[in-house]
Amino acid sequence: MRLMILSLGLFALTGCVATWLRKQLVPGATVKMTDNGALILDGRCVYQARNGEYVAFACWPTTVVTASEPDAVRVWEFEARVKVGDGMGRRPTDVLVAGRERCDKLRAGIAAGGTPTEACKQTDLYVLVPAIITETEQAIAADK
């Protein structure tokens, strides 16, 4: 029973933190973006692997802008229901991604790994995609 109450409290807190972070996404705010276009709202470019180790991954700073900004890219989002521990079920997690194509590609990759997801939906947010990401995407496309 204690574990269930603790888990429910943790999920409620996680939801509150996510809501608070989302409200900080106003024009001029700085966030980080991974090489697949996903936005990192808390600024930490690490994740905890299954073995408990923290693994760093590449991400670059970017800025939330208005739709009228040249080169602004609309942010899309999807929900992934991420598995939480053994037998503890799944936790809904919103994933924000710069651009519809990137969103669809990332969502499909996560779904292919067995994580249930919802379709990508547009938001009212816009960001600038760092040049290193667009240059890498262009180089990959040219090699195909």
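Would you pull out the residues with amide H under 5 Å of Val82's amide H, same chain only if 5 or more places away, H placed 1.01 Å from N? Counting only residues 5 or more places away or on other chains, the set is Arg91, Thr93. Take the Cα of Thr30, step 7 Å toward its Cβ, do the same at Ala56, and the gap between the two points is 1.7 nm. Converting phi to 3J(HN,Hα) with the Karplus coefficients 6.51, -1.76 and 1.60 and the offset θ = phi - 60°, the range 77-82 yields 9, 9, 9, 10, 9, 7 Hz in sequence order, with x at every glycine or proline.
A short reminder: the numbers here are calculations on the coordinates, not readings from a lab. What you see is a predicted model; the values in this text were computed from it and never measured. FYI the Cβ positions are ideal-geometry reconstructions off the backbone, even for glycines, and counts take in every protein chain you see.
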